[in-house]
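*Asks:* Structure provided below as structure tokens; questions to follow.
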Amino acid sequence: MLASYALMSNEKEIRASHLLIKHTGSRRPSSWKQPVITRSPQEAMAIIQSHRQGITSGETTLEALATSESDCGSAQRGGDLGFFTRGQMQKAFEDAAFSLQVGELSGVVSSDSGYHLILRTG
């Protein structure tokens, strides 16, 4: 199930971390972990939903999962993307990130890159 984010924030700059799971439909189906991503969108969705359950249950953290499981280069920083402003990220990601409160975890967010879990950190 994909989350929908329409609430807009007036903030100019925020900080967030994320976990990205790519699939065969991703705009660049490769990562630091795999030269060619072969999982289907359905498999990627099942993986990210499982990761979200682990985070929300307290079994693990987004930072821990991002370090080992994220298909983004930010994995080496625990998923930390640093500070960013509007227009720097893909629209779906940006809309979701800017709608979160500090400390809040998103639902599954779909972008051209794949499926994300976003944690607003600042």
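The values are calculated or read from the model by the stated rules, or taken from the named source; none is laboratory data. Here the structure is a predicted model, which is why all the values come from computation and not from measurement. Methodologically, a virtual Cβ is constructed for each residue, glycine included, from the backbone with ideal geometry; neighbour enumeration extends over all protein chains shown.
*Asks:* Within segment 19-47, can you find the residues that are farther than 12 Å from Gly114 by Cβ and charged (D, E, K, R)?
*Replies:* Lys33, the sole residue that qualifies.
*Asks:* Quick one: in segment 16-30, which of the residues that are polar (S, T, N, Q) and modelled with pLDDT of 95 or more is surrounded by the fewest Cβ atoms within 10 Å (Cβ to Cβ)? Give the steps one after another, and end with the answer.
*Replies:* Initial filter on segment 16-30 (polar (S, T, N, Q)): 17, 24, 26, 30.
If we keep only those that are modelled with pLDDT of 95 or more too, we end up with 17, 24, 26.
Numbers: Ser17: 24, Thr24: 14, Ser26: 21.
Checking each candidate, the answer is Thr24.
*Asks:* Let me ask you something else. For residues that are part of a loop (DSSP other than H, G, I, E, B) and aliphatic (A, V, I, L, M), scanning just segment 18-45, find the one that is nearest to Val109 (Cα to Cα).
*Replies:* Step one: list which residues in segment 18-45 are part of a loop (DSSP other than H, G, I, E, B), which gives 22-40.
Checking the rest, the ones that are also aliphatic (A, V, I, L, M) come to 36-37.
Working: Val36: 22, Ile37: 19 Å.
Within segment 18-45, the match that is nearest to Val109 (Cα to Cα) is Ile37.
*Asks:* Being without any contact (Cβ under 8 Å) to a residue 12 or more places away in the chain and either of a type in the set (A, V, I, L, M) or surrounded by 13 or more Cβ atoms within 10 Å (Cβ to Cβ) (or both) is the filter here; which residues of segment 31-45 pass it?
*Replies:* Selection gives Val36 alone.
*Asks:* Criterion first (of a type outside the set (Lys, Arg), free of Cβ contacts under 8 Å to residues at least 60 places away in the same chain, under 15 Å from Leu105 (Cα atoms) and in contact with a helix residue (DSSP H, G or I) (Cβ under 7 Å, 6 or more places away or on another chain)) does Thr60 satisfy it? Give the steps one after another, and end with the answer.
*Replies:* On the way: of a type outside the set (Lys, Arg): yes; free of Cβ contacts under 8 Å to residues at least 60 places away in the same chain: yes; under 15 Å from Leu105 (Cα atoms): yes; in contact with a helix residue (DSSP H, G or I) (Cβ under 7 Å, 6 or more places away or on another chain): yes.
Against the criterion (of a type outside the set (Lys, Arg), free of Cβ contacts under 8 Å to residues at least 60 places away in the same chain, under 15 Å from Leu105 (Cα atoms) and in contact with a helix residue (DSSP H, G or I) (Cβ under 7 Å, 6 or more places away or on another chain)), Thr60 qualifies.
*Asks:* I need a count of the residues in segment 51-78 that are exposed (fewer than 12 other Cβ atoms within 10 Å of the Cβ) and either outside any helix (DSSP H, G or I) or not β-branched (Val, Ile, Thr) (or both).
*Replies:* Quick first cut of segment 51-78, residues exposed (fewer than 12 other Cβ atoms within 10 Å of the Cβ) only: 53, 56-59, 68, 73.
Pick out the ones that are also either outside any helix (DSSP H, G or I) or not β-branched (Val, Ile, Thr) (or both) and you get 53, 57-59, 68, 73.
Here the count works out to 6.
*Asks:* Okay, next question. Please verify whether Val109 is hydrophobic (A, V, I, L, M, F, W, C) and assigned to a loop (DSSP other than H, G, I, E, B), treating the condition exactly as stated. Don't jump to the end; show me each part of the working.
*Replies:* Working: hydrophobic (A, V, I, L, M, F, W, C): yes; assigned to a loop (DSSP other than H, G, I, E, B): no.
The answer is no for Val109.
*Asks:* Looking only at segment 79-106, count how many residues are surrounded by fewer than 17 Cβ atoms within 10 Å (Cβ to Cβ) and not in a strand (DSSP E or B).
*Replies:* Summing the residues that are surrounded by fewer than 17 Cβ atoms within 10 Å (Cβ to Cβ) and not in a strand (DSSP E or B) in segment 79-106 gives 9.
*Asks:* So which of Thr67, Thr85 ends up being within 14 Å of Ile21 (Cα to Cα), of a type in the set (S, T, N, Q) and either touching a Lys or Arg at 6+ places or on another chain (Cβ under 7 Å) or modelled with pLDDT of 95 or more (or both)?
*Replies:* Values: Thr85 fails: within 14 Å of Ile21 (Cα to Cα).
That would be Thr67, the only listed residue that is within 14 Å of Ile21 (Cα to Cα), of a type in the set (S, T, N, Q) and either touching a Lys or Arg at 6+ places or on another chain (Cβ under 7 Å) or modelled with pLDDT of 95 or more (or both).
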